[in-house]
Amino acid sequence: MTFVPFCGYYVFVASLQQRLPENVPGDFFVDSTCIDCDTCSQLAPGIFRDHGDQCSVYHQPETDAETQLAMMALVSCPTGSIGAIERHDAHLGIDAFPHLLEDNVYFCGFTSESSFGAWSYLITRPASEGGNILIDSPRFATQLVKRIEAMGGVSQMLLTHKDDVAAHELFRERFECERVMHADDGANRLGVEHVIRGEEPVQLADDLLVIPTPGHTRGHVVYLYRNKFLFTGDHLAWSPRRQTLTAFRSVAWYSWPEQTRSMEKLLNYEFEWVLPGHGDIHKDDARTMHDYLEHCISWMKTVK
Ligand code: SF4
């Protein structure tokens, strides 16, 4: 991995000498520094795949749209493990973030190695409605920070759990945003301004709720915005293989039974989007999401 100047910015690029043999021949490639966070295979599944313990390129971009997706993956990779032999305009990737998902909710890209490539999101709101909200922390990349600043900065930073806090202090310093986090994940130790306690949901705004969901970690929470967008951290995600909502047993660091119980609490709420830190995003109508959630809970009860 090399740190090189490009168009007035610095970008990480992969090393051709470390190109993985699993890549198909051609322009784009992944090198041996890949930590297998799956950001690239989720962001550009037509180009990158997880071949086991790492990701690689299985289809070289052939269209402008595919090249842009590859460049978005390149700037989002937390370890600078994606490279290209040919010269490409880095702004193809940089300027795509924050990337609009729906309404006023964006995916930030630019993941951080310290959160193992966890995904973060931005909600834009006028200052009169409380200002913008960052959910979990992207990498504090100059390119992204400038773009967020141009979109109105950050008033509040919602942290789902201790693994995905990444550059929270730098965002706090830059934007003087209020951070929100649960006490049981070390919020006080991190100097968080708004500490959530206990297991009861807390209304942060008329359309924004924090729901404690212990399981992955003791102080894990999810955030529900407008009864539509559920920001789930490492609690809940979409499984493309099983075509339903799922949870990750192998990383239930605190308690799988607790996580199952927390999942049951979510049956009381409506949402159309699941926006995780790790795992795939999914959108469907609220009724179908409820069915998927019931299916997930039934499955969780069969897993020890
Ligand atoms: S985004 Fe980077 S670190 Fe993550 S799987 Fe892809 S190449 Fe590996």
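Projecting each Cα onto the charge dipole of the stretch 17-166 (Lys/Arg +1, Asp/Glu -1 at the beta carbon, about the Cα centre), which of LEU144, PHE110, ALA73 comes out farthest on the positive side?
It is LEU144, whose Cα lies furthest towards the positive end.
Work through the residues other than THR217 whose Cβ is under 11 Å from its Cβ and net out their charges, Lys, Arg +1 and Asp, Glu -1.
Here the charged neighbours net out to -4.
Compute log10 of I(q)/I(0) for the chain with the Debye formula, placing one identical point scatterer on every Cα and leaving out solvent, at q = 0.11, 0.13 Å⁻¹, to two decimals.
-0.65, -0.91
For the chain, what % of the accessible area comes from carbon and sulfur atoms, probe 1.4 Å?
49 percent
Determine the order of ARG49, ARG139 by accessible area, beginning with the largest, at a probe radius of 1.4 Å.
Greatest to least solvent exposure: ARG49, ARG139.
What's the lysine pair count for the chain at a Cα cut-off below 22 Å, pairs eight or more apart or interchain?
So the count works out to 6.
Which order, highest average first, do 25-34, 66-75 follow once you tally other Cβ atoms within 10 Å for each residue and take the mean per peptide?
In decreasing order of mean packing, 25-34, 66-75 become 66-75, 25-34.
Report, in deg cm²/dmol and to the nearest 500, the calculated mean residue ellipticity at 222 nm for the chain, where each DSSP H run with n ≥ 4 adds -39500 (n - 2.57) and the sum is divided by the residue count.
-6000 deg cm²/dmol
Calculate, for the stretch 125-263, the solvent-accessible area per residue in square angstrom, rolling a 1.4 angstrom probe over the heavy atoms of the protein chains.
40 Å²
For the stretch 152-191, take every pair of Cα atoms, bin their distances at 5 Å starting from 0, and report each bin as a whole percent.
6, 26, 35, 23, 8, 2, 0
State the percent of C-alpha pairs, over all pairs in the stretch 21-140, separated by a distance greater than 19 angstrom.
The calculated P(r) of the stretch 21-140 puts 46 percent of pairs beyond 19 Å.
The values are calculated or read from the model by the stated rules, or taken from the named source; none is laboratory data. Since the model is a prediction, treat every value here as computed from it, not as a measurement. Please note: Cβ atoms are built from the backbone with ideal geometry, for glycine as well, and neighbour counts cover all protein chains shown. We work out accessible area using only protein heavy atoms, side chains counted, and drop any ligands, DNA or RNA first. Shrake-Rupley method; radii C 1.70, N 1.55, O 1.52, S 1.80 Å.
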